[in-house]
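Just below is one structure, and these are the notes that go with it.
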Amino acid sequence: MDWLQQLVIGIFRLVINPFLYVWVLAAVGLGYFRVKRERRQFGVRVQYGLTELRYFLSTSVFMGLAVSLVALAVGIVVTPSLIILILTMMLIFFAPLKMRWASPAFTLGVAILVAVVWAYGPFEDLPISDWFAKVEVVNMTGVAILLAILVLAEGVLLFKSKQEPTSPFLFPGKRGLVIGSQLFNRLWLVPVFLLIPGEGLASFPSWWPIFAVADTGYSIICVPFAIGFYQKIVGQLSGTLIKQASYKVMIFGVALVGLAISGLVWPSMVIVTAVVAVLGREAIFLYDKLTDEAKPAFFTRKNNGVVILSVLPHSPADKMALQIGEVITRVNGEEVGNEQQFYEALQINRAYCKIEVLNKEGELRYVQRALYEGQHHELGLLFVPDSKRPQKTAIAK
């Protein structure tokens, strides 16, 4: 029962780990600033403020267990200085609360480069040089393999998140007209169990979750890693871009695994892996961004109707199964070409509404619903406004 007692103690120590609460505060901050922006632009929040925290604590925890099984099976060994350095890099990259740089390709890639340069560069006289002096190539190879596995995990998390809600965002286009877009800004908790040498135990505070491995000279430490992703989607539906991005990141992760493993034979490949990780992940982001922006804006005025920018959860529109990206062509038999015409057509019948919609496949469908008092003013749909600059709009007029 020794191991069971250690497991319970380790889980308790993970819960009180201050780094965990830093990531929790970051997830809460994402939701707070999202709601603030949505209220400023639309006069209403779309998703509740703790939505990001819910996804932060969801299936990504199981992803951490999967990464842990691979890391322990491979025998990845890290040192206390490397763990603190990686977590410090995460703090730096997460600081803007825009998860643009929160991929493990950046956080672990930069950490590897800093550790190698500091350990083998001319920094002997600096105060914390001794802290990095014990970094060895075999440890850095393990971290490079861990980097590759976490990038692969990022791709899997992206794929699982392709249908998760995004946040509507308005910005001025090149011709001055307002353009709608979708923001996907996400943070996931990935707790990973790693091996540390027995002599490294003294470097950790008592609250850090560590499990002794009998007769091996090693212990298992739980590290609360976090992975982030950010993308603004203008020219297509968010699910399409995120799905494609997930495939690219997963393929990239597999390639990094091969590079990192080669570091066991050629130690210099550790540096190559870190550089390729940073440059390659940035290339994927820029490719997705530029190819998306090259397409015609998806959420803008259309000749055949009004495109749905967002649907408020649990609203009448949500219960009518109206979806983001669909185009409303007629309301109560009247053609609609803009937001004002949409709400004027709703007034024709205050007790009932019938809506003709072009779905994402371009097929026409009909939705209808009885409206109770006041609901014709609160269907729960957000559109791109007709004005030439982003402004606060109500959920109905």
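Some points to look at:
- Filter result for residue 350 (surrounded by 14 or more Cβ atoms within 10 Å (Cβ to Cβ), farther than 30 Å from residue 150 by Cβ and of a type outside the set (Asp, Glu)): yes
- Those residues of the range 259-270 which are surrounded by fewer than 17 Cβ atoms within 10 Å (Cβ to Cβ) and touching a residue at least 12 places away in the same chain (Cβ under 8 Å), in sequence order: 261, 264, 267
- Qualifying residue in the range 4-20 (condition: of a type in the set (Phe, Trp, Tyr), at pLDDT 85 or above and either assigned by TED's automatic domain parsing to the domain that holds residue 317 or surrounded by 15 or more Cβ atoms within 10 Å (Cβ to Cβ) (or both)): no
- Within the set 153, 105, 144, the sole residue that is in contact with a Lys or Arg (Cβ under 6 Å, 6 or more places away or on another chain), assigned to a helix (DSSP H, G or I) and at pLDDT 90 or above turns out to be 105.
- Checking each residue in the range 192-239 for being over 29 Å from residue 92 (Cβ atoms), in a loop (DSSP other than H, G, I, E, B) and modelled with pLDDT of 60 or more picks out 217, 235, 236, 237.
- Once the range 336-350 is narrowed to residues that are in a loop (DSSP other than H, G, I, E, B) and among the hydrophobic types (A, V, I, L, M, F, W, C), the residue that is nearest to the chain's Cα centre (by Cα) is 336.
- Selection within the range 57-87: residues that are over 19 Å from the mean Cα position of the chain (by Cα) and free of Cβ contacts under 8 Å to residues at least 12 places away in the same chain. The member of this set that is farthest from residue 17 (Cα to Cα) is 73.
- Total residues in the range 271-296, condition of a type in the set (Gly, Ala, Ser), surrounded by 21 or more Cβ atoms within 10 Å (Cβ to Cβ) and under 30 Å from residue 168 (Cβ atoms): 0
- Filter result (at pLDDT below 85, closer than 24 Å to residue 227 by Cα and among the small types (Gly, Ala, Ser)) within the range 108-141: 115
- All conditions but one from (1) surrounded by fewer than 20 Cβ atoms within 10 Å (Cβ to Cβ); (2) at pLDDT 90 or above apply to residue 311; the one that does not is (1).
- Here the helices (runs of 4 or more DSSP H) wholly within the range 9-93 that include at least 3 residues being farther than 21 Å from residue 143 by Cα and of a type in the set (Phe, Trp, Tyr) are 18-42.
- Checking residue 255 against (1) assigned by TED's automatic domain parsing to the domain that holds residue 170; (2) in a loop (DSSP other than H, G, I, E, B), the condition it does not meet: (2)
- Pairs with Cβ under 9 Å, 6+ apart, first in the range 152-164 and more than 25 Å from residue 48 (Cβ to Cβ), second modelled with pLDDT of 90 or more and aromatic (Phe, Trp, Tyr): 152/252; 153/188; 154/188; 154/229; 155/247; 155/252
The values are calculated or read from the model by the stated rules, or taken from the named source; none is laboratory data. Keep in mind it's a predicted model, so treat the numbers as computed, not measured. Cβ: placed from backbone, ideal geometry, glycine included. Neighbour counts: every protein chain shown.
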